[in-house]
Amino acid sequence: MMDIATTAAPPLDAPPWTPTEFEAQLRAKGQAYHIHHPFNVRMNAGGCTPDELRCWVANRFYYQVCIPRKDGAILANMPDRAQRRLWVERILDHDGYGDHQGAAAGGIEAWTRLGEAVGIEREELWSLRRVAPGVRFACDAYVNFASRAPWQEAVCSSLTEMFAPQIHKDRLATWPQHYPWIEAEGLQYFRSRIPLASRDVEHGLRVTLIHFTTRAAQERALDILQFKLDVLWSMLDAIEKACHAA
């Protein structure tokens with residue numbers, strides 16, 4: 001499991017933040033979200049070529065297929081049935097449910113449609129041949145962390161979802177203008193994730209605010225969230241390099 005860097009320990013007598021203060025500290029981590037990565041900024045400004053967009057979609061697909069694996073690992077470590085009932089929805093969100101048709105097909109299928117919309121055939125996308133080693137390493141490190149960490153810490157790492165709705169809204173606002181060759185139906189993944197991310201944040205925040213109650217534990221939570229932010233940032237670093245090499 002990738003080690004999580006820790007910040008300087010607070011004084012032993014440092015009082016814990018109130019729940020409101022702690023949540024504010026967690027949300028302040030948004031300044032390190034990959035929405036600010038130069039590649040993402042350039043992509044939303046219309047600066048990517050079709051090949052670069054295809055490179056990004058193909059590499060991010062590996063993250064999509066890792067999400068239910070990560071959530072399954074967290075689920076396996078949850079002893080509480082009520083928590084499992086809530087968390088299992090995340091797996092179904094991505095793998096699909098019911099008849100697996102239409103909206104029930106899940107996020108992985110929606111991302112596959114995005115791939116097809118930018119010109120990647122389904123078999124090519126699912127082969128994972130285009131995935132850069134750095135992307136594999138970052139995603140696998142996240143799955144490994146989720147499988148080994150206490151489930152509350154793994155839940156905390158998911159709080160990057162706090163910042164996700166804006167990144168999806170940005171793509172929906174800018175891509176039709178800058179990349180009109182992409183069929184609108186291919187952007188459904190971004191539309192679907194906005195309400196789901198908000199739902200997931202509500203649960204994840206509740207668990208985190210209840211579990212991390214001492215100042216030392218709260219600082220640990222911030223380090224965990226930073227680790228997940230680093231995973232996402234490192235993925236874009238690797239994708240940017242792969243796009244330039246292609």
Value of Rg/Rh across the stretch 146-246 [Cα atoms, Kirkwood radius]: 1.07
Within straight-line cross-link reach of residue 29, lysines at Cα separation under 18 Å, skipping those fewer than 8 residues along the same chain: 228
Accessible-area order (highest first, 1.4 angstrom probe) of the listed residues 151, 233, 87: 233, 151, 87
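Can you give the FRET efficiency for residue 123 and residue 13, using 1/(1 + (r/R0)^6), R0 = 45 Å, r = Cβ-Cβ distance, to the nearest 0.05?
On the way: r = 60 Å, r/R0 = 1.34.
Efficiency at R0 = 45 Å is approximately 0.15.
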Gyration tensor (alpha-carbon) shape descriptor, the stretch 9-152, a/c threshold 1.5: oblate
Inter-label distance, nm, simple model (7 Å from Cα along the C-beta direction), residue 181/residue 148: 4.4
For residue 39, net neighbour charge (Lys/Arg +1, Asp/Glu -1) across residues whose Cβ lies under 12 Å away: 0
19 Å tail of the calculated P(r), the stretch 68-203, as % of Cα pairs: 59
Accessible surface, the stretch 1-155, averaged per residue in Å² (probe 1.4 Å): 49
Span per principal axis, largest first, for the Cα atoms of the chain (Å): 58, 40, 31
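Starting from 0.36 nm per residue, how many nanometres of slack lie between residue 88 and residue 223 once their C-alpha separation is accounted for? Don't skip to the end; give the middle numbers.
Details: separation 135, 0.36 × 135 = 48.60 nm, distance 2.54 nm.
Gain on extension, residue 88 to residue 223, equals 46.1 nm.
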Prolate/oblate/rounded label for the stretch 35-109 (Cα gyration tensor, a/c 1.5): prolate
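Show that you can apply the helix-only estimate: for the chain, add -39,500 (n - 2.57) for every DSSP H stretch of four or more residues, divide by all residues, and state [θ] at 222 nm to the nearest 500. Don't jump to the answer; show the numbers that get you there.
Values: 11 runs with 170 residues, N = 246.
Helices in the chain give a 222 nm mean residue ellipticity of -23000 deg cm²/dmol.
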Proximal charge balance of residue 207 [Cβ under 12 Å; K/R count +1, D/E count -1]: -3
Cβ-defined net charge surrounding residue 94, 12 Å radius [Lys, Arg +1; Asp, Glu -1]: -2
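The values are calculated or read from the model by the stated rules, or taken from the named source; none is laboratory data. From a predicted model like this one, the values you see are computed outputs, not experimental measurements. Methodologically, a virtual Cβ is constructed for each residue, glycine included, from the backbone with ideal geometry; neighbour enumeration extends over all protein chains shown. Quick note on the areas: whole protein, heavy atoms, side chains included, nothing else; ligands and nucleic acids left out. Shrake-Rupley method; radii C 1.70, N 1.55, O 1.52, S 1.80 Å.
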